[in-house]
1. Roughly how tilted is helix 258-276, in degrees to the nearest 10 and between 0 and 90, from the longest Cα axis of the chain?
2. For the chain, the longest stretch holding no GluC sites (Glu not before Pro) located in a DSSP loop with at most 13 other Cβ atoms within 10 Å is which?
3. First select every other residue whose beta carbon is under 12 angstrom from the beta carbon of Q329; then total the charges, Lys and Arg +1, Asp and Glu -1.
4. Compute the accessible area per residue over the chain, keeping the other protein chains in place, probe 1.4 Å, unit Å².
5. Apply the a/c threshold of 1.5 to the C-alpha gyration tensor of the chain and tell me whether it is rounded, prolate or oblate.
6. Could you tally the net charge around Q315, taking each other residue with its Cβ under 9 Å from the Cβ of Q315, Lys/Arg +1 and Asp/Glu -1?
7. Filter the trypsin sites (Lys or Arg not before Pro) in the range 108-182 down to the DSSP loop ones having no more than 14 other Cβ atoms within 10 Å, then list what survives.
8. So, R0 is 45 Å and r is the distance between the beta-carbons of S163 and R102; what FRET efficiency does that work out to, to 0.05?
Amino acid sequence: MSSLAIPQVTCLGGHPRGAGETPGLTVVLDRSGIRLRRRIRQFLTVAWPTLRGLDVRAPGHIMALTHLRLVVGGGSLLDLSLDHGVCRLYVDGVPAAELRARLAAWVADEAGPPEPLPAMPPPPPRAVGGPLDVVQASLDVWRAAGLGREAVRDRATLAYRLSLAEDHRRWGRFTEAIALLEAMAAGAAQAFGPVDEDTLKVRNALGQAYFEAGQVDDGLDVLREVVAAAEQLHGSDGELTLVVRNNLAVGYQHAGQYAQAIELHTENIRHSERSLGRDSLDTIGRRNNLAATLALAGYRKRAIDLYWTVLDSVQEIAGDHSLAVNARQNLAILHNPSWQP
């Protein structure tokens with residue numbers, strides 16, 4: 001079993017309790033987790049599954065003022081998020097970019113060849129408790145289909161029915177959701193036109209319901225058409241286009257077709273940067289989506305590098321935003337060499 005040793009480490013607090021500054025330590029990473037030790041005794045042990053977040057960055061101005069002697073060597077801060085708080089370590093003489101690269105190279109080598117997550121299997125059939133349950137389920141589908149076929153009087157009516165279909169989908173009643181959405185899509189197209197924005201939103205929801213019901217090919221067919229129509233209506237970087245293109249990428253993930261998903265996420269980032277700016281939270285969120293797809297596809301090092309980019313961008317403009325928390329959590333998971341998609 002290989003390991004990565006990082007000497008010249010100073011613990012700046014966080015664990016053990018009340019330790020304060022403790023210099024002269026070495027961090028050792030292997031498949032069991034992260035160990036912080038002196039030459040003689042063990043100082044801290046963190047098993048990978050118990051690590052809640054990971055961050056490596058250059059010391060800031062406050063750190064430079066309070067620990068001036070530590071930053072002379074141009075080192076980096078290594079933060080380990082644990083259940084009771086953050087254990088902050090200072091690594092002397094190793095810049096943050098170099099330490100991140102060493103961590104990523106070690107885990108990619110130790111984890112071995114990538115194994116992508118297989119295509120998502122269809123959900124199991126809904127359990128029924130007897131003939132009465134079968135009748136009730138049939139009535140639910142009939143009611144949903146009937147409501148969807150009723151004339152669409154106005155956009156408020158369409159929005160109400162769409163929210164009802166989303167409730168069905170969230171509760172796992174995919175047959176009812178699809179029955180309602182299929183009929184609604186036809187009614188919305190007749191009332192407002194086939195490329196109307198609200199019609200496209202209904203068809204977008206239909207595509208997602210197909211995916212969750214295990215009808216992946218049907219979902220892909222629908223969302224490919226919706227993306228093309230949204231591009232025609234709003235342009236390649238319109239908000240609806242970006243949302244639907246992301247959902248189509250997720251559908252390709254469900255199908256295990258990661259090359260197509262990665263291509264769509266990359267395209268979304270490019271268009272989002274053009275319309276919203278490189279540092280927009282929406283753009284950063286789309287980089288986060290690409291990082292997640294890269295991880296599921298088995299591209300661990302590429303995912304790690306992109307999550308560092310996401311974390312840096314968010315911390316610079318929005319502090320402890322949920323995207324930053326998510327990036328730290330996923331970095332902790334991806335640096336565990338035993339983790340597989």
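1. 90 degrees
2. On the way: sites that count: E21, E150.
Excluding the exposed sites themselves, the longest stretch runs over 151-341.
3. Working: positive: R52, R328; negative: D55.
Around Q329, the surrounding residues sum to +1.
4. Working: 16530 Å² over 341 residues.
Accessible area per residue, the chain: 48 Å².
5. Numbers: a/c = 2.77, a/b = 2.12, b/c = 1.31.
It is prolate, given that a/c is not under 1.5 and a/b is the larger ratio.
6. Numbers: positive: R57; negative: D55, D312, E316, D320.
Around Q315, the charge tally is -3.
7. Values: sites: R126, R143, R149, R153, R155, R161, R169, R170, R173; in loops: R126, R153, R173.
Sparse-neighbourhood loop trypsin sites (Lys or Arg not before Pro): R126, R153.
8. Numbers: r = 50 Å, r/R0 = 1.10.
Once the sixth-power term is evaluated, E becomes 0.35.
The values are calculated or read from the model by the stated rules, or taken from the named source; none is laboratory data. Bear in mind the structure is a predicted one, so any value in this text is a computation, not a measurement. All Cβ positions, even for glycine, are placed from backbone atoms using ideal geometry, and neighbour counts span all protein chains on display. The area values use the complete protein model at the heavy-atom level, side chains included, leaving out ligands, DNA and RNA. Shrake-Rupley method; radii C 1.70, N 1.55, O 1.52, S 1.80 Å.
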